[in-house]
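Participant: Before we start, here is the structure in question, set down as structure tokens.
The values are calculated or read from the model by the stated rules, or taken from the named source; none is laboratory data. Computed from a predicted structure; not experimentally measured. Cβ placement follows ideal geometry from the backbone for every residue including glycine, while neighbour counts extend to all protein chains displayed. Keep in mind that these areas ignore ligands, DNA and RNA; they rest on the heavy atoms of the full protein, side chains included. Shrake-Rupley method; radii C 1.70, N 1.55, O 1.52, S 1.80 Å.
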Amino acid sequence: MSQAYKGIALFTPGGDVIYGLDVDKEKRWHLDLCESLQELLGLSASPHFLVPSYTATIDQWLDPKTGEIQSCCEVYPLVKRYQPLLNAIFALKEATWSVLPWQEQYSDPGIIETYYKQFPELWENHNLIVNFNSLQKDTIVNTDNSSSSRGYILRLFISGHSQSTTEALTTLHRLLEQKLSDSYTLKVVDIKKYPEQAELNQISATPTLVRLYPEPVRQIVGEWHDFDRILKIIATP
């Protein structure tokens, strides 16, 4: 990841997230992320009403005087609980996110709920963590049974939120962003919420990473700091 960049993460009411990075600091991601959510979830229209109340933004730069990295991290109240996840996807070390003032005109729960009938998929949790930049490389459909001409379909199985889960997620995102040349989709599955998925995918320990595509299916358990081993298992045909 570049030392200087702007980033934005767009969440859904159900907890899915799509995020993008702009090293040139010239683009505006809001509408692009909304349109990508529309495509990923098969929505009837772009969910523009999620902006800005379901967003978080980061601006990072190199201070020419001190030579140190400076960051400005801001999150809206409705998604402040996702700060650990934001630190993971933006490769930050326990960054402090400033919670922006509540803005009734953007975040009125009553107004947002009026969109539920039209966009029920947004209130469901698909455990999606999608990198918009990867979507730009290749078009990927996010359903379990679909694939693309390129790219990987990955599932990270966890059991609740713990230190090992956070470490695995942080390591995995760093590896995928820095080392994996092809695009990918990643879905996080909590077997405490979906125990049937553990049996279906033969998960005996967590966290476990499963490569569903390309076949054959492969599993990675433990040794989350061994980047070479993880990358070899993911990328080996």
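Residue-wise test of (1) more than 17 Å from the chain's Cα centre (by Cα); (2) among the basic types (Lys, Arg); (3) not assigned by the TED database to the domain that holds Thr165.
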residue: Gln38; (1), (2), (3): no, no, yes
residue: Trp61; (1), (2), (3): yes, no, yes
residue: Ala91; (1), (2), (3): no, no, yes
residue: Thr96; (1), (2), (3): yes, no, yes
residue: Ile111; (1), (2), (3): yes, no, yes
residue: Lys117; (1), (2), (3): yes, yes, yes
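Participant: Okay, moving on. Mind listing whichever residues of the range 193-229 are touching a residue at least 24 places away in the same chain (Cβ under 8 Å) and in contact with a helix residue (DSSP H, G or I) (Cβ under 6 Å, 6 or more places away or on another chain)? First the steps, then the outcome.
Facilitator: Here is the first cut: in the range 193-229, the ones touching a residue at least 24 places away in the same chain (Cβ under 8 Å) are 197-198, 201, 203, 206-214, 224-225, 227.
Of everything in the range 193-229, those that are touching a residue at least 24 places away in the same chain (Cβ under 8 Å) and in contact with a helix residue (DSSP H, G or I) (Cβ under 6 Å, 6 or more places away or on another chain) turn out to be Pro207, Arg211, Trp224, Phe227.
Participant: Just checking, which of Thr66, Thr57 is farther than 16 Å from Leu122 by Cβ, in the same structural domain as Trp97 (by the TED database) and modelled with pLDDT of 90 or more?
Facilitator: Thr57
Participant: Same structure, new question: Residue under question is Ser181, and the condition is that it be open to solvent by 20 Å² or more (accessible area, probe 1.4 Å) and modelled with pLDDT of 80 or more; does it hold? Before you say what the answer is, go through the steps one by one.
Facilitator: On the way: open to solvent by 20 Å² or more (accessible area, probe 1.4 Å): yes; modelled with pLDDT of 80 or more: no.
It is false that Ser181 is open to solvent by 20 Å² or more (accessible area, probe 1.4 Å) and modelled with pLDDT of 80 or more.
Participant: Sticking with this structure for a sec: Return the residue satisfying two criteria in turn: it lies in the range 15-29 and is at pLDDT 90 or above and assigned to a loop (DSSP other than H, G, I, E, B), and of such residues it is farthest from Arg174 (Cα to Cα).
Facilitator: Gly15
Participant: Shifting gears a bit: For the range 161-178, give me the residue count where each residue is open to solvent by 10 Å² or more (accessible area, probe 1.4 Å) and of a type outside the set (D, E, K, R).
Facilitator: Of the residues in that region, 9 qualify.
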